[in-house]
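Shown next, in structure tokens, is the structure this report addresses.
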Amino acid sequence: MGEVELSCLAYAKMYLHASQFPRCSVNGLLLSSSPAGGDVCITDCVPLLHTHLSLAPITQLALTQVDAWCSQTHQRIMGYYQANACVSDSSPTPCALKIAEKIFEQCNNAVLLMIDGEKMFPGCRVPPIVMYERKDARWALKDKHTIMLRQWEETCAIVNQLFSSGDQALLVDFDSHLDDITKDWTNQKLNAKIMELISPANGNV
């Protein structure tokens, strides 16, 4: 596998998801709109659960709905992310490995990203992410130098601005959608706000 690039949009939503439920494990799906083959570019993510991460029927329902939505929006599921409830633990759980394996069956360059809770603070010099790839029939830690997040300082500034404004409350994961089906798990409102902050017109990336 070559380089893995993570967009500001995807990172911001992962960060807000973990921040919205700081005492819970959270997970989600990583999406790409780039062509298959070559380097991996994660362009967006879909936050899934903040309760009962190992509950298979809900996970399967979410995977099915996200896959159908991806077909309509010309995206594909490229991987999985998870933040553990214990901030000092960034190791993949059996649940994380199982879901990542299911994604790998459909996408042979899938990635597994674990959020490092101990590095989730303003001014962190590197993305608080631990990356795994499927290698030799198992999920192995990937060379950290091969994850790329362009304009990291600008991305941090955008995330901090969102967090300071309380915009993590705008984020809807699939769990919240199941509690209230009027809530949009595709997060179009939040996406628009993040993209506005990213816009070159605002001096950002």
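The values are calculated or read from the model by the stated rules, or taken from the named source; none is laboratory data. In this text the structure is predicted, and so the values were computed from the model without any measurement. Neighbour counts run over all protein chains shown; Cβ positions are idealised from the backbone, glycine included. Heavy atoms of the whole protein, side chains included, go into the accessibility calculation; ligands, DNA and RNA do not. Shrake-Rupley method; radii C 1.70, N 1.55, O 1.52, S 1.80 Å.
Once the range 175-199 is narrowed to residues that are assigned to a helix (DSSP H, G or I) and among the β-branched types (Val, Ile, Thr), the residue that is modelled with the highest pLDDT is Ile194.
If you check Thr93 against the conditions, is it closer than 23 Å to Gln168 by Cα and either surrounded by fewer than 18 Cβ atoms within 10 Å (Cβ to Cβ) or in contact with a Cys (Cβ under 9 Å, 6 or more places away or on another chain) (or both)? Please lay out each step first, then the result.
Numbers: closer than 23 Å to Gln168 by Cα: no; either surrounded by fewer than 18 Cβ atoms within 10 Å (Cβ to Cβ) or in contact with a Cys (Cβ under 9 Å, 6 or more places away or on another chain) (or both): yes.
Answer is no for this residue.
Can you tell which of Lys98, Lys102 is open to solvent by 20 Å² or more (accessible area, probe 1.4 Å) and under 13 Å from Asn27 (Cα atoms)? Explain how you work it out, then say what you get.
Working: Lys102 fails: under 13 Å from Asn27 (Cα atoms).
One residue alone meets the criteria, Lys98.
From the set of residues in the range 73-90 that are loosely packed, with under 13 Cβ neighbours inside 10 Å and among the polar types (S, T, N, Q), which is farthest from Lys135 (Cα to Cα)? Quick ask: steps written out before the conclusion?
Start the filter on the range 73-90 by keeping residues that are loosely packed, with under 13 Cβ neighbours inside 10 Å, which leaves 73-74, 86, 88.
Among the residues that remain, those that are also among the polar types (S, T, N, Q) are: 73, 88.
Working: Thr73: 30, Ser88: 25 Å.
Checking each candidate, the answer is Thr73.
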